[in-house]
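Notes follow once the structure below has been shown.
Coordinate-derived values only; no laboratory data. In this text the structure is predicted, and so the values were computed from the model without any measurement. No Cβ is skipped: glycine too gets one built from the backbone with ideal geometry, and neighbour counts run over all protein chains shown.
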Amino acid sequence: MTGLPLNVDWQQILLHLFNFTILFGALYILLYKPVRDFMENREKHYANIDSKANQALADAESSKASYEEKERNLDEEIRARKSSLSKEIEAERERRLADARSEAEKLIADARGEADREKKEIIESAQKEITEMVTDAMEKLTLEQTASDAFDQFLDAAEEADK
């Protein structure tokens, strides 16, 4: 092996290459592949977590949109019910007002009827009293005239008798 410059032996180089290949294969199998598999699994794990988080975020946003829509619908329903109840209250108020008016009219009509009846009774009573008073006055006047005429006749008779 004297013919090789720098004292290089091809057999040594091939052995070193073989050792290097074995070392490279062993390191690849023992270190690189498990680390690469671990990193891939970790990447998949974090990608999975990220996709779940994105899915949860999308679900939350859709739930939020759904709740906002339900809230708008509920607000509209509340407004509609308020309007409906306001109309019902107004109708009930109008009905009660009409009932109160009709009852008031009935009471007024009854009171007028009672007042007319009492007025008639008072007028009849007053007419009876007036009639009685006129009758009494006429009787007294008649008695007085009769008594006065009788007294005048008596006086005339007495005067004639004195003459």
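Note on the chain: lysine pairs with Cα distance below 30 Å, sequence gap of 8 or more or different chains, count 16. Calculate how steeply helix 33-162 sits against the longest principal axis of the alpha-carbon atoms of the chain, using the helix alpha-carbon long axis, and give the answer as 0 to 90 degrees to the nearest 10. Between the helix axis and the principal axis of the chain, the angle is about 0 degrees.
Relative to the longest principal axis of the Cα atoms of the chain, the long axis of helix 10-27 makes an angle of roughly 20 degrees. In this simple spin-label approximation, Asp59 and Leu74 carry label points 7 Å from Cα along the Cα→Cβ vector, and these lie 2.2 nm apart.
Beyond 26 Å, what share of the Cα-Cα pairs of the chain remains, rounded to the nearest whole percent? Walk me through the numbers on the way to the answer.
Details: 10518 of 13203 pairs.
Value for the chain (Cα pairs over 26 Å): 80 percent.
Taking every DSSP helix (H) stretch of at least 4 residues in the chain, weighting each as -39,500 (n - 2.57) and dividing the sum by the residue count yields a mean residue ellipticity at 222 nm of -34500 deg cm²/dmol.
Could you give the size of the charge dipole of the chain about its Cα centre, using +1 on the Cβ of each K and R and -1 on the Cβ of each D and E, expressed in debye and rounded to the nearest 20? Don't skip to the end; give the middle numbers.
Values: 24 positive and 37 negative charges, 736 e Å.
That gives the chain a dipole magnitude of about 3540 debye.
Positive end of the dipole of segment 9-147 (Cβ unit charges, origin at the Cα centre): among Ile122, Ala56, Phe18, the Cα lying farthest that way belongs to Phe18.
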